[in-house]
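Peer 1: What follows is a structure written as structure tokens; I'll ask about it next.
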Number of protein chains: 2
Amino acid sequence: MRGAVIHAPGDVRFEERPHPKIINPTDAVIRTAATCVCGSDLWDYRGINPVDQPTPFGHEYVGVVEEVGSDVKTIKPGQFVIGSFFASDNTCPNCRNGYQTSCLHREFVGADGCQAEYIRIPLADGTLVATPEQPAEEHIPSLLACSDVMGTGWYAAVAAEVRPGDTVAVVGDGAVGLCAVIAAKELGAGRIIAMSRHETRQKLAREYGATDIVTERGEEGVARIKEMTGGIGADRVLECVGTNESMHQALRATRPGGNVGFVGVPHGVAIDGEELFYSHVGLRGGPAPVRQFLPDLIDRVLSGRIDPGKVFDLTLPLERVAEGYRAMDERRAIKTLLLP
Amino acid sequence: MRGAVIHAPGDVRFEERPHPKIINPTDAVIRTAATCVCGSDLWDYRGINPVDQPTPFGHEYVGVVEEVGSDVKTIKPGQFVIGSFFASDNTCPNCRNGYQTSCLHREFVGADGCQAEYIRIPLADGTLVATPEQPAEEHIPSLLACSDVMGTGWYAAVAAEVRPGDTVAVVGDGAVGLCAVIAAKELGAGRIIAMSRHETRQKLAREYGATDIVTERGEEGVARIKEMTGGIGADRVLECVGTNESMHQALRATRPGGNVGFVGVPHGVAIDGEELFYSHVGLRGGPAPVRQFLPDLIDRVLSGRIDPGKVFDLTLPLERVAEGYRAMDERRAIKTLLLP
């Protein structure tokens, strides 16, 4: 079979790789229905994370189960399934607490590369969620979005404890930030401020429920949010970037007693204890426990309540994966959908 | 009148000072019934915070109203009152959100020094809470504790979102840590682990509701907490010290999805964004909005539910304030009560 491999920053190739096999009796192998490029992959693509050797790439997927191991009980061949980028047993104490991305037995599904024609999924029963039936083609992009960006945007809003009526600001207008707008809306936010300076992203943010757009960044962005909130800051701020600048923009734009949910993978983020103390801001982040939200998110997609698949503004055949990276790196695309 | 003044680290004097007057029409002047020495004062006493000039000292107080300014409506001369170390109008948006220590008009009551025979209280209507009647003498230490340490311990538990049945660990066995044990108990914690290596403090922690004592610190303390919690960490950890070591002990002893409430004033605390991200721990701290909790805490004291006054294990006449500092600095006393 064929799949994407990153050889060096900027160098992604689509090449022949071994067909995945059942290794552990809890594994499943799926035939990929759709996969995509993640903003977090760009850290490697741009050489900010080191790329030491050719590495299979991608960690988002939906597909049809081909084969299951002998210990797999609930997942069956032929089912259409969605899973998170972290495999989890869904039974350990951390999973039971809803933090499947801290599963005591977690494995990174992307280790074998999900931008491929077939994928091995460890801990299949705990990791995968099957749809009630084969989904209509039109739902596939939104279901795929649930495997990472929609689940991550949702977690940003949950981690920030968004409540009905809240004023919510979203830092970052990538696919996760846009999905965070959807989440804030679904959780009942009264006002949603998208911080974005890109017209196409602003437009989608508004479609998803943003009531206001702020184009200023950094201290100017903070000042603008305070101006809009009676001088005190937003109730909740969703940080969907991961730089030190964006984190501090988020923390300083939040009112005392408010919350920041941070889901951008932090790169060089340092928080001063004294500043955090006097801010009275609550802070929670982490790799989103997507598995916790999947059943609910799948329902919302299939019932037509949410349509996160619109974040895919470029669709390519999987073999043109390199072009998908280039388009996102150059910000010509919000997010690239790849079809085998 | 006379009051305490810190002249230099280790040099606290009780000396003649001007009798406080109404400066703003929203002020009150109270005759001090009791005051005390705070663990946070020790940062100055030990020279960790600079002492640039002779400075009136102390920020905890209960007393009887002597005089009120012309704009004071609800507080009346003769009332027995308790207030926080930060004056607040209790009407601004931050106050209405329950964060009176971020009041847009806050003033530090301790600026004039509360270890004194009389104290000027700014924003009297917003700041002070009167007891229904003159309290019995036996209740005065506990009411005084509510003005800071009990309110701060309570906030640690609230900021950490302690819920019924939780396993709660408390880092720090000073007066605030001990009051945090009371708070965890009152909020329904199922198991309360006090981290302490001092026998008298362990004893009081147990009396207040601690079910377990851990004497190990740092990484050993973290390992011990994990061992006691099925390998994952405590649901909530209350950080009541303020050093970088204690903060990291707290963060690492908390399970994924758990919370740290931090109320020790941070000194040199630096938090790595990536570590916080992968921990899945929620974090909120700050100067406790004591005013939010005062009516409830006063009820709990007067009804005999809680007895935070036991943290005072040394009582001295106010004029011997210097001795009170020495006793706490040398850890001979948990907390010194001072009576004018």
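The values are calculated or read from the model by the stated rules, or taken from the named source; none is laboratory data. Since this is a predicted model, take the numbers as computed values, not measurements. FYI the Cβ positions are ideal-geometry reconstructions off the backbone, even for glycines, and counts take in every protein chain you see. What goes into the accessible areas is simple: the full protein's heavy atoms, side chains included, and nothing from ligands, DNA or RNA. Shrake-Rupley method; radii C 1.70, N 1.55, O 1.52, S 1.80 Å.
Peer 1: Roughly what angle does helix B:218-228 make with the longest principal axis of chain B, taking Cα atoms, 0 to 90 degrees, to the nearest 10?
Peer 2: 70 degrees
Peer 1: Moving on. Which far-off residues, 5 or more places away or on another chain, put their amide H under 5 Å from the one on B:Val214, with H placed in the peptide plane?
Peer 2: So B:Val214 has HN proximity to B:Ala194, B:Met195, B:Ser196.
Peer 1: If you don't mind, there's one more thing I want to ask. Can you compute log10 of I(q)/I(0) for region A:100-144 with the Debye formula, treating each Cα as one identical point scatterer, at q = 0.16, 0.33 Å⁻¹?
Peer 2: -0.59, -1.17
Peer 1: At what distance in nm do the modelled label points of B:Lys76 and B:Glu220 sit from each other, each positioned 7 Å from its Cα along Cα→Cβ?
Peer 2: The answer from the label model is 5.9 nm.
Peer 1: Next up: When the helix-only estimate is applied to chain A (DSSP H runs of n ≥ 4, each -39,500 (n - 2.57), divided by the residue count), what is the mean residue ellipticity at 222 nm, nearest 500 deg cm²/dmol?
Peer 2: On the way: 12 runs with 101 residues, N = 340.
Helix contribution divided over all residues of chain A: -8000 deg cm²/dmol.
Peer 1: Report the label-to-label distance for A:Asn49 and A:Ala111 in nanometres (one decimal), using points 7 Å from each Cα along the Cα→Cβ vector.
Peer 2: 1.4 nm
Peer 1: With +1 assigned to the C-beta of every Lys and Arg and -1 to the C-beta of every Asp and Glu, and no other charges, what is the dipole magnitude of chain B about the Cα centre in debye, to the nearest 20? Intermediate results must be reported in sequence, preceding the final value.
Peer 2: On the way: 34 positive and 45 negative charges, 100 e Å.
It works out to roughly 480 debye.
Peer 1: Could I have the simple spin-label model distance between B:Glu323 and A:Arg13, label points 7 Å from Cα toward Cβ, reported in nm to one decimal?
Peer 2: The modelled label-to-label distance comes out at 8.3 nm.
Peer 1: How many lysine pairs in chain A, separated by 8 or more positions in sequence or lying on different chains, have Cα atoms less than 29 Å apart?
Peer 2: Within chain A, the lysine pair count is 10.
Peer 1: Here is a further query. Calculate one ³J(HN,Hα) per residue across region A:97-103 by plugging θ = phi - 60° into the Karplus curve 6.51 cos²θ - 1.76 cosθ + 1.60, and present them in order as whole Hz with x for glycine and proline.
Peer 2: 7, x, 10, 4, 6, 10, 3
Peer 1: Just to be sure I understand: if you take the accessible area of chain A alone plus chain B alone and subtract the pair, with a 1.4 Å probe, what total do you get in Å², rounded to 100? Kindly include the intermediate steps, with their values, before the conclusion.
Peer 2: Values: alone 14120 and 14110 Å², together 25120 Å².
Between A and B, the summed buried area is about 3100 Å².
Peer 1: To the nearest 0.05, what FRET efficiency results for B:Lys203 and A:Glu199 with a Förster distance of 56 Å applied to their C-beta separation? Don't skip to the answer; put the middle values down first.
Peer 2: Working: r = 66 Å, r/R0 = 1.19.
After rounding, the FRET efficiency stands at 0.25.
Peer 1: Now for a different question. What size of dipole, in debye to the nearest 20, comes out for region B:237-340 about its Cα centre when the only charges are +1 on Lys and Arg C-beta atoms and -1 on Asp and Glu C-beta atoms? Walk me through the intermediate numbers first.
Peer 2: Working: 12 positive and 13 negative charges, 63 e Å.
Roughly 300 debye for region B:237-340.
Peer 1: On the protein heavy atoms, probe 1.4 angstrom, tell me the percent of accessible surface of the protein assembly as shown carried by carbon and sulfur.
Peer 2: Values: 11940 of 25120 Å².
Exposed carbon and sulfur together represent 48 percent of the surface.
Peer 1: Which Cα, out of A:Met247, A:Leu144, B:Pro295, lies furthest along the positive dipole direction of the protein assembly as shown (beta carbon charges, K/R +1, D/E -1)?
Peer 2: So the residue furthest toward the plus end is B:Pro295.
Peer 1: Can you give me the angle between helix B:290-302 and the longest principal axis of chain B, using Cα atoms only, in degrees from 0 to 90, rounded to the nearest 10?
Peer 2: It works out to around 90 degrees.
Peer 1: Right, another one. In square angstrom, rounded to the nearest 10, how much accessible surface does B:Tyr208 have for a 1.4 Å probe?
Peer 2: Counting only protein heavy atoms, the figure is 20 Å².
Peer 1: Calculate one ³J(HN,Hα) per residue across region A:119-131 by plugging θ = phi - 60° into the Karplus curve 6.51 cos²θ - 1.76 cosθ + 1.60, and present them in order as whole Hz with x for glycine and proline.
Peer 2: 9, 8, 10, x, 6, 4, 4, x, 8, 8, 10, 8, 7
Peer 1: How would B:Glu227, A:Glu186 line up by accessible area, probe 1.4 Å, largest first?
Peer 2: On the way: B:Glu227 135, A:Glu186 40 Å².
Result of the area sort, largest leading: B:Glu227, A:Glu186.
Peer 1: Using only atoms on other chains, find how many Cβ atoms lie within 10 Å of each Cβ of peptide B:88-94 and report the average. The partial results should precede the final answer.
Peer 2: Working: counts 0, 0, 0, 0, 3, 8, 8.
Mean shielding by partner chains, rounded to a whole number: 3.
Peer 1: Moving to a separate point now. Considering only the label points, 7 Å along Cα→Cβ from Cα, what distances in nm to one decimal separate A:Arg163 from the same position in each other copy, shortest first?
Peer 2: A:Arg163 label point versus its equivalents elsewhere: 1.4 nm.
Peer 1: Another question about this same structure. How well do other chains shield peptide A:260-272, expressed as the mean number of their Cβ atoms within 10 Å of each residue Cβ? Kindly include the intermediate steps, with their values, before the conclusion.
Peer 2: Details: counts 1, 1, 3, 1, 2, 4, 7, 2, 3, 7, 5, 7, 5.
That works out to 4 on average.
Peer 1: How far is A:Val51 from the same spot in each other copy, in nm, shortest first, if each label point sits 7 Å from Cα toward Cβ?
Peer 2: Sorted ascending, the copy-to-copy spacings read 6.0 nm.
Peer 1: Quick one: what are the phi-derived ³J(HN,Hα) couplings along region B:33-50, Karplus 6.51/-1.76/1.60 with θ = phi - 60°, whole Hz, x for glycine and proline?
Peer 2: Each residue of region B:33-50 in turn: 8, 7, 9, 6, 9, 9, x, 5, 5, 5, 4, 6, 4, 8, x, 6, 8, x Hz.
Peer 1: Counting only heavy atoms of protein chains, what accessible area per residue, in Å², does the protein assembly as shown have with a probe of 1.4 Å?
Peer 2: Values: 25120 Å² over 680 residues.
It amounts to 37 Å² per residue over the protein assembly as shown.
Peer 1: Ignore the peptide's own chain and count Cβ atoms of other chains within 10 Å of each Cβ in A:282-293; give me the average, rounded. Mind showing how you got there, number by number?
Peer 2: Values: counts 10, 9, 11, 10, 9, 3, 1, 3, 0, 0, 1, 0.
Mean partner-chain Cβ count within 10 Å for A:282-293: 5.
Peer 1: OK, next. Could you pull out every residue, at least 5 positions away or on a different chain, whose amide H is within less than 5 Å of the one on A:Leu314? Hs are placed 1.01 Å off N in the peptide plane, and Pro or chain starts have none.
Peer 2: It is A:Lys335, A:Leu337, by chain and number.
Peer 1: Alpha carbons only, please: Rg and Dmax for the protein assembly as shown, in angstrom.
Peer 2: Both quantities, over Cα of the protein assembly as shown: 28.2, 88 Å.
Peer 1: Dipole of the protein assembly as shown, Cα-centred, from +1 at each Lys and Arg C-beta and -1 at each Asp and Glu C-beta, to the nearest 20 debye? Can you show the working numbers first?
Peer 2: Details: 68 positive and 90 negative charges, 150 e Å.
Once rounded to the nearest 20, the dipole reads 720 debye.
Peer 1: Angle, helix A:175-186 long axis vs. longest principal axis of chain A, Cα atoms, 0 to 90°, nearest 10?
Peer 2: 70 degrees
Peer 1: Going from most exposed to least, what order do A:His59, B:His267 have by accessible area with a 1.4 Å probe?
Peer 2: On the way: A:His59 15, B:His267 45 Å².
Sorted by accessible area, descending: B:His267, A:His59.
Peer 1: Measuring label to label, 7 Å along Cα→Cβ, what does A:Gly304 give against each other copy in nm, shortest first?
Peer 2: Values, ascending and in nm: 6.5.
Peer 1: Working only with C-alpha atoms, what are the Rg and Dmax values of region B:140-282, expressed in angstrom?
Peer 2: 13.6, 46
Peer 1: Would you mind getting the Kirkwood hydrodynamic radius of region B:196-340 from its Cα pairs, rounded to one decimal in Å?
Peer 2: Values: mean 1/r = 0.0575 Å⁻¹.
Roughly 17.4 Å, rounded to one decimal.
Peer 1: Same structure, new question: Take the eigenvalues of the Cα gyration tensor for chain A, scale each by 5, and report the square roots as semi-axes in whole Å, largest first. Walk me through the numbers before you get to the answer.
Peer 2: Numbers: eigenvalues 218, 89, 71 Å².
Over the Cα atoms of chain A, the ellipsoid semi-axes are 33, 21, 19 Å.
Peer 1: A further question follows. Would you rank A:Ile48, B:Ile121 by solvent-accessible area, highest first, keeping every protein chain in place and using a 1.4 Å probe? Can you show the working numbers first?
Peer 2: Working: A:Ile48 95, B:Ile121 0 Å².
Heavy-atom accessible area, descending, gives A:Ile48, B:Ile121.
Peer 1: Can you check how the C-alpha radius of gyration of region A:225-268 compares to 2.2 N^0.38 Å, as a plain ratio? Don't skip to the end; give the middle numbers.
Peer 2: Numbers: Rg = 10.4 Å, N = 44, 2.2 N^0.38 = 9.3 Å.
In units of the globular-protein estimate, region A:225-268 measures up at 1.12.
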